[in-house]
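Here is the structure we will look at.
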Amino acid sequence: MGSKRDSPVNVLSRWLRKRSMKVKIFLGILLAFCALVVLKFTIRDPDYFFKASKTIHVVGVIVLIYKLIVHKSCSGLSLKTQELTAVFITTRLGCSVFIQSNTHAMLDLILLLPTLFIIWLIRFKLKSSYIKEFDNMWLSFLVVPSIILAIAIHPRFTAHIWLARVVWSFTTYLETVSILPQFRYMKNSKMVETFTGYYVFALGVSRFFSLAFWIIHTYETKGEYLFFFRHGYFWMLSIFLSEIVHSFILANFCYHYIKSFMQGRLLKKMPI
């Protein structure tokens, strides 16, 4: 009678646990589709998708800073993911001088400053709580393929210089894989620290808004947007595929996050 056990959230959680994996996947896709429909008819300016994406990313970073300052520990956090984030944001800001300098560049700058602060905290102030053995992914495995892919696939028919186009592409590909060291860290430690979980979930929501732009815009242009010749035949398609890959990388974590939240379990017990 009015107990927590009989709350709608717990009832829904028990119902979901009894469903097969295929049903859970179908329900997830259906929920995402419904969200896309709502966004399509409520957001008129496509630029709001990217602004929302970056704003949510900033919120996730602020959560990390709160954890680092209040708890005085960087346990559960990958320094390499933060460094990769700083690299692609800094590089993209440099490219904005040649390609675009607008609200997106300002949001990148707002995101870069707290990211650099996090790196400083982990490297110096909270160095004793950083477990380097868990953060053991080789960055060359991520950076080098991103460089090769950027040289091979980048905008070709624009007024910008070749180097700026290649470097801009590099930031896109590097951003796609920048979260992998954090997942490797969590895999090695076999746990997810609470605030790190909030951060990664925020990244997942952020990528959903970014991917929503591509899906809705592709639908509205009947696929022509992906093969816009002015930007290079494969360039637009490669960005779309990068968004899909990035979203799927985060989707598995978000699924377990929501599942753990609905079951009332601590994030540190969440399976990886």
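The values are calculated or read from the model by the stated rules, or taken from the named source; none is laboratory data. What you see is a predicted model; the values in this text were computed from it and never measured. Glycine also receives a Cβ, built like all others from the backbone with ideal geometry; neighbour counts cover every protein chain displayed. Protein only, heavy atoms only, side chains kept; ligands, DNA and RNA dropped before computing areas. Shrake-Rupley method; radii C 1.70, N 1.55, O 1.52, S 1.80 Å.
So between R44 and K190, what do we pick up on full extension, going 0.36 nm a residue minus the alpha carbon distance?
Computed gain between R44 and K190 is 48.3 nm.
May I ask you to give the solvent-accessible area per residue for region 86-189, in square angstrom, as obtained with a 1.4 angstrom probe?
Dividing the accessible area of region 86-189 by its residue count gives 52 Å².
Any of K67/K187; K51/K222; K40/K67 with alpha carbons more than 32 Å apart? Name them for me.
As for pairs spanning more than 32 Å Cα to Cα, those are K40/K67.
Would you list which aspartates and glutamates come within 17 Å of K190, measuring only between C-alpha atoms, while excluding same-chain residues fewer than 8 positions from it?
Cross-link targets: E133, D135.
Cβ under 14 Å from S78's Cβ, S78 left aside: what net charge do those residues give with Lys, Arg +1 and Asp, Glu -1?
Charge balance near S78 sits at +2.
Would you please give the FRET efficiency between S129 and T55, computed as 1/(1 + (r/R0)^6) with r the Cβ-Cβ distance and R0 = 45 Å, to the nearest 0.05?
With R0 = 45 Å, the Cβ-Cβ based efficiency is 0.95.
Just grab the label-to-label distance for V37 and K222, each label 7 Å out from Cα along the Cβ direction, in nm (one decimal).
Taking the two extended label points, one gets 2.3 nm.
For labels at I29 and I110 in the simple 7 Å Cα→Cβ model, what's the distance in nm?
Result for the modelled spin labels: 3.6 nm.
At 0.36 nm per residue, minus the direct Cα-Cα distance, what do L163 and V245 gain on full extension? Give it in nm, one decimal, please.
Here the segment from L163 to V245 would lengthen by 27.0 nm.
Calculate the spin-label point distance for N102 paired with Y255, positioning each point 7 Å from the Cα along the beta-carbon direction, and give it in nanometres.
Going from the Y255 label point to the N102 one covers 3.6 nm.
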